[in-house]
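Right, one structure below, let's go through it.
Since every read-out is calculated from the coordinates, none of them should be taken as a lab result. No experiment lies behind these values; they were computed from the predicted model shown. A quick note on method: Cβ atoms are made from the backbone with ideal geometry, for glycine too, and the neighbour counts reach across all protein chains shown.
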Amino acid sequence: MKISEIDNMAYESLLYDFYGVLLTDKQREVMELYHEENYSIVEIAKELKVSKQAVYDNLRKSDRILREYESKLGLMWSLLKTRELIGSIESRIDELTQSPELPKEGSLREGLMEIRDMISGLGE
């Protein structure tokens, strides 16, 4: 997935995955129900016995905080960009190894496959 293809909900969920541990317990609980359990604001309000407005305010405040962390630290963007680049490198190696100009056997092909294996290990 390219960074530009991430919709707002997915972006918020990724932010929560990266920085959620930095939120308060209550903020994490609401974010968990909303992003991980796919509860609606109404369902969260019933579950936590609070108003819909309280849930909405909590979500907006938490989202703002998470966006500030990402703005300052850039960890999520960095990881997504790295994964995107790794995918491009793997694709280019695949193209090169399938090229008719490259001998079917030999150290160059083996070297490219070795590099591809090393790169694949980065995403784990």
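Tell me which label goes with the value of P(r) over Cα pairs in 10 Å bins from 0, in percent computed from the coordinates here: (1) 12, 31, 22, 15, 12, 7, 2; (2) 13, 42, 29, 13, 2, 0; (3) 12, 40, 25, 8, 5, 5, 3, 1. The listed entry that was calculated here is (1). Cross-link partners for K26 among the aspartates and glutamates, with Cα-Cα distance under 20 Å and sequence neighbours closer than 8 places in the same chain left out: E12, D17, E36, E37, E43, E47, D57, D63, E68. Fewest-first ordering of K46, K104 by other beta carbons within 10 Å of each residue's beta carbon gives K104, K46.
Charges were assigned to the Cβ only: +1 to each Lys and Arg, -1 to each Asp and Glu. The resulting dipole of the chain about its Cα centre is roughly 600 debye.
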